[in-house]
Every structure is written in structure tokens, then in C-alpha cells.
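The block underneath contains the structure these notes are about, expressed in C-alpha cells.
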Amino acid sequence: MAAPSNVFWDPAGHLHTNALHWEGFPHLLWETLSSFCYTEPPQYDAVEYQEEGVRRCRVRMTIPQHPFRSQWQPIEVDVVGYRIVDTIEAAALEAIYVFCNQHPMEVAGQPIGLFPTTDPNDPEWNLRAVPESRSVVDST
């Protein structure tokens with residue numbers, strides 16, 4: 001079982017947490033990693049700052065090296081947002097995408113395998129979904 005949730009601020013103003021107390025994507029990420037025998041939860045390092053007068057937040061999330069699968073390298077994700085809570089959620093979601101992309105065969109039979117393993121910025125992927133505003137409706 002993982003260590004209890006840690007949340008603390010360092011002297012430089014960074015929030016450090018493993019987000020085990022969060023529901024949502026951080027929880028889903030940790031459940032998935034646990035099912036693949038990870039023993040240490042991801043670590044989140046968040047800092048707020050001002051950029052051109054706008055309050056911003058940067059979160060660096062790290063999934064540690066797998067304890068016994070040396071070919072599974074650590075995963076590091078950097079996400080910029082506006083609020084710490086939302087940016088931690090976004091970092092966890094990005095890590096889920098990265099994990100699924102790096103281990104497609106392993107996640108294929110798992111519930112986490114439902115996350116798309118293609119790049120949402122890929123034009124071919126974008127053609128798969130048609131927004132409702134573009135659907136044609138016969139009004140006669």
C-alpha cells in the first residue's frame with residue numbers, strides 16, 4: 001500500500017503532494033498504477049506565479065520508475081493552468097494518456113485502456129469526431 005497522502009508547501013512556495021486524497025484523475029491514475037504493481041504514487045510539484053498580469057500555475061508530475069520492470073521508465077508531465085487543483089487534474093489526465101501510449105499492450109484489457117492512445121492533436125484523430133454543430137438536420 002502507498003504512503004499516506006502528503007501535502008506541504010516548501011520555502012520556495014511549491015506545493016508538494018502525492019494527491020492520494022483527491023478523487024478524479026489523480027485517484028484513477030494511482031488505481032491504475034497500483035494494478036500494475038507500482039509501490040510509490042506519482043508526485044506532484046505545483047507552483048503559482050504571475051505571467052503578464054495573469055495568475056498561472058505550473059504542475060510537474062512524476063511517475064517513479066517501476067519497481068521491477070526496468071524497461072518502464074519514469075514518466076514526467078508538465079502542465080500549465082490557472083488553478084492548482086485543476087492543473088493537478090490536468091497533469092494526472094495527461095499522465096494517463098502518456099502511460100497508455102507507452103504501454104498499449106498492457107492496458108488493452110484494462111479499464112484504463114478505454115482512454116485514447118493517439119494524439120488528440122493528430123488531424124486523423126480529430127476527423128473521428130464530428131461536433132454536433134456541424135451535423136445536418138432536415139428542417140422540412
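The values are calculated or read from the model by the stated rules, or taken from the named source; none is laboratory data. Owing to the predicted nature of the structure, the values given are computational and were not obtained by experimental measurement. Glycine also receives a Cβ, built like all others from the backbone with ideal geometry; neighbour counts cover every protein chain displayed.
Pairing residues of the range 8-34 that are on the phi < 0 side of the Ramachandran plot and outside any loop (DSSP other than H, G, I, E, B) with residues that are exposed (fewer than 13 other Cβ atoms within 10 Å of the Cβ) and of a type in the set (Phe, Trp, Tyr), at Cβ distances under 7 Å and at least 6 apart in sequence or on separate chains, gives 15/9; 16/8.
If you go through the range 82-98 one residue at a time, do you hit one that is farther than 24 Å from residue 14 by Cβ and at pLDDT below 95?
Checked the range 82-98: at least one residue is farther than 24 Å from residue 14 by Cβ and at pLDDT below 95.
State yes or no: is residue 104 without any contact (Cβ under 8 Å) to a residue 24 or more places away in the chain and under 21 Å from residue 36 (Cβ atoms)? So residue 104 passes the test. Looking across the range 54-84 at every residue that is of a type in the set (Val, Ile, Thr) and without any contact (Cβ under 8 Å) to a residue 40 or more places away in the chain, the one that is farthest from residue 41 (Cα to Cα) is identified as 54. State whether one or more residues within the range 6-29 are under 18 Å from the mean Cα position of the chain (by Cα), closer than 13 Å to residue 95 by Cβ, small (Gly, Ala, Ser) and loosely packed, with under 15 Cβ neighbours inside 10 Å. Yes, there is a match, as at least one residue in the range 6-29 is under 18 Å from the mean Cα position of the chain (by Cα), closer than 13 Å to residue 95 by Cβ, small (Gly, Ala, Ser) and loosely packed, with under 15 Cβ neighbours inside 10 Å.
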